[in-house]
Amino acid sequence: MRTTTGTRAHGLLGLAVSMLLIAGVIVGCSGSRGSGSGGSSGSVSTAEAPALTGAPDPATVPAPIWQANLSGPNPLANFRNTPYNNDGAPPPTIVDAPGVSGAKAVRYTVPGGGKRTELEPQVPSYKEGDDAYFGFAWNLPADFPVNADGWQVVAQWKNDGDGSPPIEVKVDHGQFVLDGGAGGDDPRQNYFTQPIGPAVTGQQTDIVLHVHFSTDPSKAQVDAWMNGQKRVDAFRPPGGTRYANEDSYLKTGIYRDTAIDQTAVLYLVDARVARSYDSAAALVGPRS
């Protein structure tokens, strides 16, 4: 059963970890995450964001399993109707995509003290052994509070029920960050965090994730690309990429710490779920 509220078991832990990340130290709740038990720490560079490169031509790649298709006659038709995903914030709206002529975008807005505004793509839940690629074209406007003290999730593969998800992408102290594991059976041991790259405002950022869903850390895997450059390579979360007996479902938007008193606006220019990197990366953008 999908929760309509959810909790953030690792809010304080995530903040503490993020502060260490700024100092160049990568840690999890149980201590240092170098090579870590059960997997690689990933090949990551956080010095600067790579330039937005040309995305694959959608006409030359396999069709995705799902895509947002925001320029269609009913732009939210490919998302579920889940009004409970708006808490202290207005529902998402469709607007002209910033910097992309003729394209549309989802505009998410959370005022200071608000909690969430999210959409759920109409894709099945993810079970043991599932494998998929996920592409997101995000634009953070110039006033997005990228350095706020508090977690700000922009995509999550939420487990059924309450608690923090096994995998999520958040904006945390100037970085796009991959983390998760704080809501499982052993959060102190299994919480992980991996920087993807700088969260640059005023321009589009494309992020593609490859996830192999498994409770087994030796089989679970996450790869991440930013603007066409690989940033996390074959990372194996210590607690796996899903929780035992709980399937995961995708949500995207803004879900954040209510202690943040600044308004946040996020544009989702495009999103894809696919069976290959090229298909997921064929995102709408200023270079398309």
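The values are calculated or read from the model by the stated rules, or taken from the named source; none is laboratory data. Bear in mind the structure is a predicted one, so any value in this text is a computation, not a measurement. Cβ sites come from the backbone with ideal geometry, for glycine too, and all protein chains shown count toward neighbours.
List of remarks:
For every residue, the table says whether it meets (1) without any contact (Cβ under 8 Å) to a residue 60 or more places away in the chain; (2) in contact with a helix residue (DSSP H, G or I) (Cβ under 8 Å, 6 or more places away or on another chain); (3) crowded, with 22+ Cβ neighbours inside 10 Å; (4) of a type in the set (A, V, I, L, M, F, W, C).
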site: 237; (1), (2), (3), (4): no, yes, yes, no
site: 249; (1), (2), (3), (4): no, no, no, no
site: 254; (1), (2), (3), (4): no, no, yes, yes
site: 269; (1), (2), (3), (4): no, no, yes, yes
site: 276; (1), (2), (3), (4): no, no, no, no
site: 281; (1), (2), (3), (4): no, no, yes, yes
site: 287; (1), (2), (3), (4): no, no, no, no
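- Checking each residue in segment 214-232 for being touching a His at 6+ places or on another chain (Cβ under 9 Å) and either aromatic (Phe, Trp, Tyr) or within 16 Å of residue 193 (Cα to Cα) (or both) picks out 220, 221, 222, 223, 224, 225.
- Of the residues in segment 79-87, at least one is buried (at least 18 other Cβ atoms within 10 Å of the Cβ), within 19 Å of residue 134 (Cα to Cα) and either modelled with pLDDT of 95 or more or in contact with a Pro (Cβ under 6 Å, 6 or more places away or on another chain) (or both).
- A single entry from 131, 162, 143 fulfils the requirement of being surrounded by fewer than 23 Cβ atoms within 10 Å (Cβ to Cβ) and at pLDDT below 95: 162.
- Residue within segment 149-169 that is acidic (Asp, Glu) and more than 20 Å from residue 114 (Cα to Cα) present: yes
- Residue match in segment 77-93 (condition: within 18 Å of the chain's Cα centre (by Cα), closer than 23 Å to residue 282 by Cβ and assigned to a strand (DSSP E or B)): yes
- Unmet criterion (only one of (1) at pLDDT 95 or above; (2) part of a loop (DSSP other than H, G, I, E, B)) for residue 178: (2)
- Flag not set for residue 123, criterion: under 20 Å from the mean Cα position of the chain (by Cα) and either loosely packed, with under 14 Cβ neighbours inside 10 Å or closer than 19 Å to residue 266 by Cβ (or both).
- Restricted to segment 189-288, the set of strands (runs of 3 or more DSSP E) holding at least 3 residues that are within 21 Å of residue 120 (Cβ to Cβ) and not small (Gly, Ala, Ser) comprises 203-212, 248-256, 264-274.
- Scanning segment 155-174 for residues that are of a type outside the set (Lys, Arg) and within 12 Å of the chain's Cα centre (by Cα) returns 155, 156, 157, 165, 166, 167, 168, 169, 171, 172.
- Of the set (1) modelled with pLDDT of 95 or more; (2) crowded, with 24+ Cβ neighbours inside 10 Å; (3) closer than 25 Å to residue 147 by Cα, all apply to residue 205 but (2).
- Just one residue in the set 28, 34 is surrounded by fewer than 19 Cβ atoms within 10 Å (Cβ to Cβ) and at pLDDT below 95; that residue is 34.
- Residue selected from segment 238-272 under the condition of a type in the set (Phe, Trp, Tyr) and more than 13 Å from the chain's Cα centre (by Cα), by the criterion nearest to residue 199 (Cα to Cα): 267
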